[in-house]
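The values are calculated or read from the model by the stated rules, or taken from the named source; none is laboratory data. In this text, all values refer to a predicted model and were calculated from it rather than measured experimentally. Every residue, glycine among them, receives a Cβ derived from its backbone with ideal geometry; neighbour counts consider all protein chains shown. For accessibility, only protein heavy atoms count, side chains too; no ligands or nucleic acids. Shrake-Rupley method; radii C 1.70, N 1.55, O 1.52, S 1.80 Å.
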Amino acid sequence: MGDEFVQLSLTPLAIGVLAAVACALPGNFLILRRQALIGDAISHVVLPGIVVAFLITGKISTWPMMLGAAGASIVAVVLIEMIKRLGRIEPGAAMGVTFTSLFAAGVFLLEQSDTSSVHLDVEHALYGNLESLIWLSADGWGSLLDPQALADLPPELFRMTVVTLLIAVLTALFWRPLKLSTFDEGFASTLGIPTATLSFGLVGAAAIAAVAAFDAVGSIIVIAMFICPPAAARLMTNRLEAQVAWSIAFAAVSAVLGYVIAGYGPLWLGGTDAVSAAGMIATVSGMILGLTCLFAPHRSRIGVPPGSEQS
Amino acid sequence: MPVAVQLASRDGRAVHPAASADDPLAVQGLTVSYGEKPALFSIDATVPPGRMAAIIGPNGAGKSTLLKAVLGIVPALSGTVTVFGVPLAKSRHRITYVPQRASVDWDFPTRVIDVVLMGLYRELGLLHLVRRHHREKALACLDRVGMADFAGRQIGQLSGGQQQRVFLARALAQNADLYLLDEPFAGVDAATEKAIIDVLKSLKAEKRTVVCVHHDLATVADYFDHVLLINVRKIAEGPVATTFTADNLQAAYGGRLATAHIDQLKLPVI
């Protein structure tokens with residue numbers, strides 16, 4: 001754990017953990033509201049948003065791409081609502097139709113446009129480039145105190161830190177109304193809680209997390225982090241407070257273990273090349289979910305049908 | 001004013017007296033639609049203070065929808081709702097709602113006491129901090145429905161009747177003057193039914209007003225003193241003694257209620 005670690009692994013690890021936590025936090029509520037797919041949807045529709053932003057501006061720069069991604073998320077949320085209402089179909093189907101179509105449109109645009117000269121391709125969109133987010137000017141732990149070296153930190157780290165903090169603060173601030181309206185939306189609205197605004201805000205926070213994480217680590221890890229850590233955490237406890245804490249822990253463990261295994265695992269097995277860190281982080285989070293399904297204290301709920309809806 | 005209500009209901013016309021400011025609940029011309037067909041059409045109704053009122057009608061009559069529209073949970077196409085003479089937005093602190101038990105996911109990761117504390121949400125202040133006196137108040141409400149021993153349980157471990165009592169305790173915590181309950185006796189055991197009706201009667205003794213969507217016609221005369229019969233439109237409203245009649249029931253339920261069944265009901269003798 002020396003100088004090389006600080007230079008090559010510290011920042012990707014930190015970004016991975018922050019991205020995982022930023023997605024896992026809203027994921028807890030999305031899963032309890034049976035809206036887990038919305039994270040999936042948002043993480044897919046950022047691709048066409050980014051491609052369109054690139055086609056308009058002609059260069060890879062952060063802000064236009066973030067705006068494009070955010071715009072695409074809004075388009076997707078509106079489309080989902082429209083299909084749900086006009087087509088009178090269930091939300092899951094509306095989400096499925098919307099995000100697959102938009103993602104396909106993104107891939108199509110990408111293939112048809114001249115993006116060969118820049119680092120923008122489907123693979124980048126799916127897996128991100130966590131391994132390349134290194135801190136070149138660092139030469140050891142001492143660099144953490146060196147202003148010159150700190151100025152050279154990857155900008156993704158700064159963005160991801162701000163977004164994760166923002167989401168953590170929002171979650172803490174709106175904890176009670178969010179919990180109340182997730183459990184019993186009708187009752188919450190009789191207390192004067194603006195449930196529709198809160199619901200939209202939750203999806204908005206998920207979109208911010210997805211866009212920021214997508215930019216840093218790609219869409220695979222985003223999809224996995226919205227669902228796997230909260231789902232595994234639910235099986236560990238029967239209290240929402242503890243569930244959120246578990247989900248943060250699982251997200252962080254997935255990010256660290258996944259990054260380390262991706263970097264060193266193949267070497268331990270006698271191979272020569274590392275594998276995708278984002279892919280391995282998603283894999284580890286899935287394995288944690290698998291283990292909790294088998295061994296967690298409150299796993300008996302699996303297979304219990306959801307309460308039947310009555311009007 | 002109750003006299004006027006009786007007159008209006010006796011001849012079955014949709015004439016409705018102007019609501020007085022004392023009335024816990026007054027609804028005028030309320031129409032709600034989920035699709036093209038209205039779920040409720042031009043409902044006028046008044047619940048006088050201190051009553052135990054039942055909303056009855058066949059399945060799909062719009063009973064639950066009426067409560068939800070009164071509370072603003074579903075939007076109304078037209079009509080006005082006044083609670084204690086003022087619009088709902090100004091009287092939220094005086095009204096509480098017990099939804100149908102099956103309307104929430106009881107697998108939600110929370111404990112019994114946390115559900116009751118939700119009723120104290122408006123008292124928690126800006127940071128929503130739960131203090132000791134909040135906790136004690138919640139426990140007292142649980143005690144009132146006979147569930148104090150279950151405070152620390154996960155809600156998924158409760159039986160249907162226990163879930164219903166926890167919902168009632170949450171409403172009690174709000175210390176409201178008007179209680180709207182959606183089928184509080186549906187699918188509960190006899191002990192729970194007794195516990196709930198005892199609490200509701202004690203609320204009435206405290207001069208509070210209770211309105212229940214109710215489906216068991218056999219207990220209407222025992223439990224309630226005011227009744228609102230609807231089937232999308234209003235059929236009749238007024239005191240049980242004059243309104244809960246075979247004619248009105250036949251009008252509300254149509255052929256769905258056999259005459260033999262009506263004969264078995266403890267209908268008031270006029």
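Highest GNM mean-square fluctuation among A:169, A:222, A:17, for chain A modelled with Cα contacts below 10 Å: A:169. Suppose R0 equals 41 Å. What FRET efficiency, 1/(1 + (r/R0)^6) with r the Cβ-Cβ distance, do residue B:130 and residue B:191 give to the nearest 0.05? Efficiency, rounded to the nearest 0.05: 0.85.
At a 1.4 Å probe radius, carbon and sulfur cover how many percent of the accessible area of segment A:2-308?
Values: 9500 of 13660 Å².
The C+S portion of the solvent-accessible surface of segment A:2-308 is 70 percent.
The gain in end-to-end length when the residue B:34 to residue B:216 segment is fully stretched comes to 62.9 nm, 0.36 nm per residue minus the alpha carbon separation. The longest part of chain B holding none of the exposed loop trypsin sites (Lys or Arg not before Pro), meaning those outside H, G, I, E and B in DSSP with at most 15 other Cβ atoms within 10 Å, is B:14-130.
Which value, in debye to the nearest 20, gives the size of the charge dipole of segment B:123-253 about its Cα centre, when Lys and Arg are +1 and Asp and Glu are -1 at the Cβ? Mind dumping the intermediate values first?
Values: 15 positive and 16 negative charges, 115 e Å.
Computed charge dipole of segment B:123-253: roughly 560 debye.
In segment A:204-247, comparing the full protein assembly with the chain on its own, the residues that lose 30 Å² or more of accessible surface at a 1.4 Å probe are A:234, A:238, A:239.
Separation of segment B:167-233 from segment B:57-87 is 17 Å, based on Cα centroids.
Relative to the dominant Cα principal axis of chain B, helix B:160-173 is inclined by about 80°.
Pull out a ≥ b ≥ c, the square roots of the eigenvalues of the alpha-carbon gyration tensor of segment B:83-238, then state rounded if a/c is under 1.5, prolate if not and a/b is larger than b/c, and oblate in the remaining case.
On the way: a/c = 1.85, a/b = 1.31, b/c = 1.41.
Oblate is the answer for segment B:83-238, as a/c is 1.5 or above yet b/c matches or exceeds a/b.
For segment B:147-232, the solvent-accessible area of protein heavy atoms averages 32 Å² per residue (probe radius 1.4 Å; ligands and nucleic acids excluded). Farthest toward the positive end of the dipole of chain A, out of A:29, A:262, A:220, is the Cα of A:29, where the dipole comes from beta carbon charges about the Cα centre. Rounded, prolate or oblate: which fits segment A:144-187, taking a ≥ b ≥ c as square roots of the Cα gyration tensor eigenvalues, rounded meaning a/c under 1.5, else prolate when a/b beats b/c? Taking the square roots of the gyration eigenvalues as a ≥ b ≥ c, segment A:144-187 is prolate. Looking at segment A:2-308, the accessible area is 44 square angstrom per residue; that uses a 1.4 Å probe and ignores ligands, DNA and RNA. The mean of 1/r over all pairs of different alpha-carbon atoms in segment A:2-308, once inverted, gives a Kirkwood hydrodynamic radius of 20.2 Å.
Model label points for residue B:157 and residue A:134, set 7 angstrom from Cα along the Cα-to-Cβ axis, are 5.3 nm apart.
Among A:100, A:197, A:283, the largest mean-square fluctuation in a Gaussian network model of chain A (Cα springs under 10 Å) belongs to A:197. Amide H contacts of residue B:25 (H built 1.01 Å from N, in plane; Pro and chain starts excluded): B:47, B:84 sit under 5 Å, all sequence-distant by 5 or more or on other chains. Label-to-label distance for residue B:205 and residue A:152 is 8.1 nm, based on points extended 7 Å past Cα in the beta-carbon direction.
Taking GluC sites (Glu not before Pro) as exposed when DSSP calls them loop (any state but H, G, I, E, B) and at most 12 other Cβ atoms lie within 10 Å, what is the longest stretch of chain B free of them, the sites themselves excluded? Working shown, then result.
Numbers: sites that count: B:36, B:206.
My reading of the result: B:37-205 is the longest stretch.
Dipole size of chain A about its Cα centre, with +1 on Lys/Arg Cβ and -1 on Asp/Glu Cβ: approximately 1340 debye, rounded to the nearest 20.
What is the percent carbon and sulfur in the accessible area of chain B, measuring with a 1.4 Å probe over the protein chains and ignoring ligands? Mind dumping the intermediate values first?
Working: 6050 of 11380 Å².
Of all accessible area on chain B, carbon and sulfur atoms account for 53 percent.
Our note on the geometry: Cα centres of segment A:19-47 and segment A:125-163, 25 Å apart. Oblate is the label for segment A:76-196. Its Cα gyration tensor axes, ordered a ≥ b ≥ c, give a/c of at least 1.5 and b/c at or above a/b.
Using +1 on the beta carbon of Lys and Arg, -1 on that of Asp and Glu, and nothing else charged, what's the dipole of the protein assembly as shown about the Cα centre, debye to 20?
Numbers: 42 positive and 45 negative charges, 443 e Å.
Roughly 2120 debye for the protein assembly as shown.
Estimated from helices alone, the mean residue ellipticity of chain A at 222 nm is -24000 deg cm²/dmol (sum of -39500 (n - 2.57) over DSSP H runs with n ≥ 4, per residue). The residues of segment B:73-101 occluded by other protein chains by 30 Å² or more of accessible area, set against the chain on its own, are B:73, B:92, B:97, B:100; surface from heavy atoms, 1.4 Å probe.
Applying a threshold of 18 Å to the alpha-carbon distances of B:37/B:234; A:179/B:63; B:63/B:90 flags A:179/B:63; B:63/B:90 as lying beyond it. Could you give the angle, 0 to 90 degrees to the nearest 10, between helix B:132-144's Cα long axis and the longest principal axis of the Cα atoms of chain B? Here the helix axis deviates by roughly 50 degrees. Buried surface between chains A and B: roughly 2800 Å² of accessible area, summed over both sides, computed with a 1.4 Å probe on protein heavy atoms only. Each of B:48, B:173, B:62 was scored by the projection of its Cα onto the charge dipole of chain B, and the greatest displacement toward the positive side belongs to B:173; charges sit on the C-beta of Lys, Arg, Asp and Glu.
State the Kirkwood hydrodynamic radius of the protein assembly as shown in Å, one decimal place, computed from all pairs of distinct Cα atoms.
Values: mean 1/r = 0.0373 Å⁻¹.
After inverting the mean inverse Cα-Cα distance, the result is 26.8 Å.
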